[in-house]
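Structure first, commentary second.
The values are calculated or read from the model by the stated rules, or taken from the named source; none is laboratory data. Quick caveat: nothing in here was measured; it's all calculated off a predicted structure. When we count neighbours, we look across all protein chains shown, and the Cβ atoms used for this are built from the backbone with ideal geometry, even at glycine. Ligands, DNA and RNA are stripped out before the accessible areas are found, and what is left, the full protein with its side chains, is counted by its heavy atoms. Shrake-Rupley method; radii C 1.70, N 1.55, O 1.52, S 1.80 Å.
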Amino acid sequence: MTKSPIALTNSRYRLGYHVAAPTGWINDPNGFCYFKGYYHIFYQHHPYSAEWGPMHWGHARSKDLVHWESLPIGLEPGSPEDKDGCFSGSAIVKDDIMYLFYTGHHYYNDGDPDHFWQNQNMAYSEDGIHFTKYENNPIIDKEPEDNTHHYRDPKVWEHEGTYYMILGSQENDGLGRAILYASQDLKSWDYLGSVSKATDLKGEGFMWECPDFFHLDGKDILLLSPQGIDPQEEKYLNLYQTGYFVGEMDYQTAKFTRGEFHELDKGHDFYATQTTLAPDGRRIVFGWMAMWESHMPEKEDGWAGALTLPRELRLKDGKLVMTPVKELEALRVDEGKTETLTVSDATLIAKDASHAEILFSLPTTDATLTFKDAQEQDILSLVYTAETNKFVLRRNDTDEARYGTIQANDTLKYHLFIDTSSVEIFINDGETVFTERYYSESKPAVYLTTANETSVESTVYQLKAD
Ligand code: FRU
């Protein structure tokens, strides 16, 4: 009997312009690349329920990073080399062929879900739609001797004529690390060792998932999703973190010298990022707009999870900043409404803002942004305190706040993208970003309150809603 994908039973939380599966579960973005005139994005996907299950690679493509066309599933598990799942990985284009690299997941089937093993595999495509698993899979059959069974999420890139593959892993001593392989032909791979490792368990984690590695603005960046970092007062508050190290890679010794770990996004719903280079040289990132073990009310409706908007990454004063890609202007369906508002008490910026882009700026002062439902109840609030340069984000469905800071500045600039049940808030050109899912039966009204009477320049655009 052929299985059918789960049905969508209610579209109340469906997103209008984000990448999501037609139905079913998704997690990490995978295989992000530019191939024959299209951006391709894949995602960890379980089509048969709204829960995580045997992982497939769902697939979409776009000419402009804005309008996405859903394509047939790219990879299905079940071959001997990926019996229990095609886990996360990446893509690279060589000689007009798209190559996918992914982790094969295998259970020992003894009833313990943590008793598994993992290998690395390849698939390829000439049309970017149909994929053939490489006949000599696996390309790497097992982890190095000094590694545990946590061994996954290959990201492949080319540097000076050699291909490199970085993998997330855990050393036998229980610390997270990223390990490196090299290849001349994408098929046979030599182990080069650990490029970077957690300095301590609670500070840097027990397993580094989804590593990505790239050169940006004169530095090398290791972007990754460590598990097991201990929460601190206002940092590392999600179950797992996504963040980065800035440093220098020595390709001769395969060692990455780096600084501290920094979180990339301060919201509740951001994980497992992946980047690619746009044809014009921009470094673009997608994240999974959710978190493991979060409550996802859309599961009742036959789906779960989505990707963030594509964002451009830059390095500024030693930190990564993220801004929505400029192509997203094509989402606007009207000319925009621009106003100069005099704000002190709660002032309406936008009503019925279920698919909206909102930009506003003001001279720096204490400021509170609020989303309210039809009953005037808060859905979400973001409180800024000028004295400490700190933002506190609260959501009505959790007691756990999230925190972000910016450098002292004369102006506060907000850039929001709202999409039915998500909001991405970019502050001061991406210095701090909050990514959030929210669940409300009514379209939010957006208000701003300031400590003193303040002149606020605001522009609101309605965005594409399907
Ligand atoms: C990260 C992750 C990856 C793994 C995938 C499985 O969210 O745990 O390490 O490959 O999800 O779906």
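The label point for Lys299 and the one for Glu441, both projected 7 Å from the Cα toward the Cβ, are 2.2 nm apart. Its relative contact order, with pairs defined as Cα atoms under 8 Å and 6+ residues apart, puts the range 242-369 at 15 percent.
Two numbers describe the Cα atoms of the range 334-465: Rg and Dmax, which are 13.6, 39 Å.
Packing, as the average of other Cβ atoms within 10 Å across residues, places the peptides 52-60, 194-202 in the order 52-60, 194-202, highest first. Which log10 I(q)/I(0) values, to two decimals, does the chain give at q = 0.10, 0.11 Å⁻¹ under the Debye formula with one point per Cα? Here log10 of I(q) over I(0) equals -0.72, -0.87. Taking label positions 7 Å along the Cα-Cβ direction at both Thr342 and Ser79, the computed distance is 6.9 nm, reported to one decimal. A straight line joining the Cα centroids of the range 32-77 and the range 164-209 runs 26 Å. Checking the a/c ratio against 1.5 first, then a/b against b/c, what shape does the Cα gyration tensor give for the range 1-78? Verdict is oblate for the range 1-78. A full extension of the chain between Leu237 and Lys390 corresponds to an added length of 53.5 nm, given 0.36 nm per residue minus the alpha carbon distance. Across the chain, the relative contact order, built from alpha-carbon pairs under 8 Å that are at least six residues apart, equals 14 percent. Counted by Cβ distance under 12 Å from Thr398, the other residues give a net charge of -1, where Lys and Arg count +1 and Asp and Glu count -1.
Heavy atoms of the protein chains alone define the surface here; on that basis the chain has 40 Å² accessible area per residue at 1.4 Å probe size. With the highest mean first, a sort of the peptides 436-443, 138-145, 421-428, 308-315 on other beta-carbon atoms found within 10 angstrom per residue produces 421-428, 308-315, 436-443, 138-145. On the beta carbon distance between Tyr251 and Lys326, with R0 = 35 Å, the FRET formula returns roughly 0.60. Computed from the Kirkwood radius of its Cα pairs, the Stokes-Einstein diffusion coefficient for the range 168-212 at 20 °C and 1.002 mPa s stands at 192 µm²/s. Taking a ≥ b ≥ c as the square roots of the eigenvalues of the Cα gyration tensor, the range 146-228 is oblate, since a/c reaches 1.5 or more and a/b is not larger than b/c. Straight Cα distances below 25 angstrom link Lys63 to the lysines Lys36, Lys94, Lys155, Lys326, Lys464, with same-chain residues fewer than 8 positions distant left out. Net charge in the neighbourhood of Val446 (other residues with Cβ under 9 Å of its Cβ; Lys, Arg +1, Asp, Glu -1) is +2.
For the range 65-123, the gyration tensor built on C-alpha atoms gives a prolate shape. Its axis ratio a/c (a ≥ b ≥ c) is at least 1.5, and a/b is the larger of a/b and b/c.
If you roll a 1.4 Å probe over the chain with all protein chains in place, what percent of the accessible area is carbon or sulfur? With neighbouring chains kept in place, the figure for the chain is 46 percent. For the residues Lys83, Lys351, Lys94, a 1.4 Å probe over the protein chains yields an accessible-area ranking, largest first, of Lys351, Lys83, Lys94.
Would you mind pulling out the separation of the Cα centroids of the range 269-332 and the range 94-130, in Å? What the calculation gives is 23 Å, centre to centre. Summarised in one figure, the compactness ratio Rg/Rh of the range 219-364, Cα atoms and Kirkwood Rh, is 1.02.
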